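Input: a single structure, listed below in structure tokens.
Throughout, read-outs are computed from the coordinates displayed, never taken from laboratory work. Given the structure is predicted, the values throughout are model-derived calculations rather than measurements. A quick note on method: Cβ atoms are made from the backbone with ideal geometry, for glycine too, and the neighbour counts reach across all protein chains shown.
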């Protein structure tokens, strides 16, 4: 395939101002193209966006960096944020039937009494196996439940992994592909510098907002345009090829369009002549998330991540973010996220925020006996209907290509990371790859 020559610049619309859109705009501008980015909201960031929370900016949803997140690390270095990357050894705990167990090292696992000794040993060997495995395709045609049960036993699966899968996939936990589960284990295991060591996780001092603000400045500095509060309602086609986008009741001409929005949103933008392609994209199903953020006067535990398997508690995990990133700008306050993944048709998705707070406050007393609702200084609830693609068996067969079967249309979507989970680093990598795909056309 011929590579586009210097001087053959394109006028490109990038739809979506999350990390994918900003990164794509940046990499395309570096290749000499003209880029205009459209973002429907008044702020950049997408699922990694921040909001003002009591005078400080906090991410709406939790994010952390693993040692292997090289695309993110490289981009931070490139735009001058390398010194802002910080790494810490983190702790993980597991609340099982009201008792909190340390769960971050092989030694912790050895003393995790809710699982039999044989189950603990098999669990440990499965981590070693997953850490070294590279050929994930062999795992794609079976469920994570079947694969894990075979390797670690039914008891260990039901105690340890089942609640974790429910955190991410809700009612679809039993249908998730083993290949997705493998990569989840593999990525986090690779964040240990040694098998016996704790996980080393990272964060950006200043949060994800600093990265988005820096990228936006770079985009504008390279001649790109960013239009905020500018929702694209449709992709405009003529004779089967892209001619532009429609935004605020105006058709704007472009040579090509790069979509970085969720696939269901892209389907709504495509005209009726793309019916077959829309049907193809609609094969990918998504699950939503309801995430509560608490600003607390003190920590619940000493762990960054607390897995929960307790029938009295509706949620399956707590991320105490300030146990990773201390956030001195919060003046001693602590941040905890409580995510709950579910279909938007589930009645819990529409629960009133106050009802969720009351329910969660009661449950937190089972996590920390000292907890009092008086610890809660502030709180907020965010929802997103397309938080996670449901990666079932043989999922790779329905992952869309970056080059759509419509001339001039390209897309970046988290499903293209499969079997990897959605990460900021992964989306940056996809954006860099996309810039190369466009250049080769």
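I need the Debye-formula profile for segment 285-389: one equal scatterer per C-alpha, no solvent, reported as log10 I(q)/I(0) at q = 0.24 1/Å, two decimals. Treating every Cα as an identical point scatterer, log10 I(q)/I(0) equals -1.42. Peptides 227-235, 56-64 ranked from most to least packed by the mean count of surrounding Cβ atoms within 10 Å: 56-64, 227-235. Size of segment 106-194: Rg and Dmax of its alpha carbons, in Å, are 12.5, 35. Where only DSSP H runs of four or more residues are counted, the chain gives -9000 deg cm²/dmol as its mean residue ellipticity at 222 nm, each run worth -39500 (n - 2.57). Sorting the segments 403-414, 137-148 by their mean number of nearby beta carbons within 10 angstrom, highest to lowest, gives 403-414, 137-148.
Each label was represented as a point 7 Å from its Cα along the Cα-to-Cβ direction; for residue 280 and residue 56 these points are 4.7 nm apart.
Looking at the chain, the DSSP beta bridges with both ends there are about 70 percent antiparallel. If you plug the beta carbon distance of residue 171 and residue 70 into 1/(1 + (r/R0)^6) with R0 = 41 Å, you get a FRET efficiency near 0.75. Taking the C-alpha atoms only, the angle from helix 424-440 to the longest principal axis of the chain is near 20 degrees. Suppose R0 equals 35 Å. What FRET efficiency, 1/(1 + (r/R0)^6) with r the Cβ-Cβ distance, do residue 8 and residue 233 give to the nearest 0.05? With a Förster radius of 35 Å, E is 0.75.
Relative to the longest principal axis of the Cα atoms of the chain, the long axis of helix 207-221 makes an angle of roughly 10 degrees. With kT/(6 pi eta Rh) evaluated at 20 °C and eta = 1.002 mPa s, and Rh the Kirkwood radius from Cα pairs, segment 292-348 diffuses with a coefficient of 171 µm²/s according to Stokes-Einstein. Taking only the C-alpha atoms of segment 242-314, Rg followed by Dmax gives 21.2, 56 Å.
Which order do 105, 214 fall in if you start with the one that has the fewest other Cβ atoms within 10 Å?
105, 214
Projected over every direction and averaged, the convex hull enclosing the alpha-carbon atoms of segment 314-441 yields 11.7 nm². As a rough guide to protection, the peptides 123-134, 337-348, 38-49 ranked by mean Cβ packing within 10 Å, highest first, stand as 38-49, 337-348, 123-134.
Seen against the Cα atoms of the chain and their longest principal axis, helix 353-367 is set at about 40 degrees.
If one computes P(r) from the Cα atoms of segment 12-136, what percent of pairs lie at distances over 22 Å? If you can, show how the numbers build up before the last one.
Values: 4708 of 7750 pairs.
Above the 22 Å cut-off, segment 12-136 has 61 percent of its Cα pairs.
Between residue 248 and residue 79, the C-beta separation translates, for a Förster distance of 45 Å, into a calculated FRET efficiency of about 0.90.
Separation of segment 128-156 and segment 212-256, taken as the distance between their Cα centroids, equals 43 angstrom.
What is the extension gain from residue 354 to residue 441, computed as 0.36 nm multiplied by their sequence separation minus the C-alpha to C-alpha distance, in nm to one decimal? The partial results should precede the final answer.
Working: separation 87, 0.36 × 87 = 31.32 nm, distance 5.21 nm.
Taking residue 354 through residue 441 to full extension adds about 26.1 nm, to one decimal.
Counting only C-alpha contacts under 8 Å and six or more residues apart, can you give the relative contact order of the chain as a whole percent?
Working: 878 pairs, mean separation 107.4, N = 441.
Over the chain, the number comes to 24 percent.
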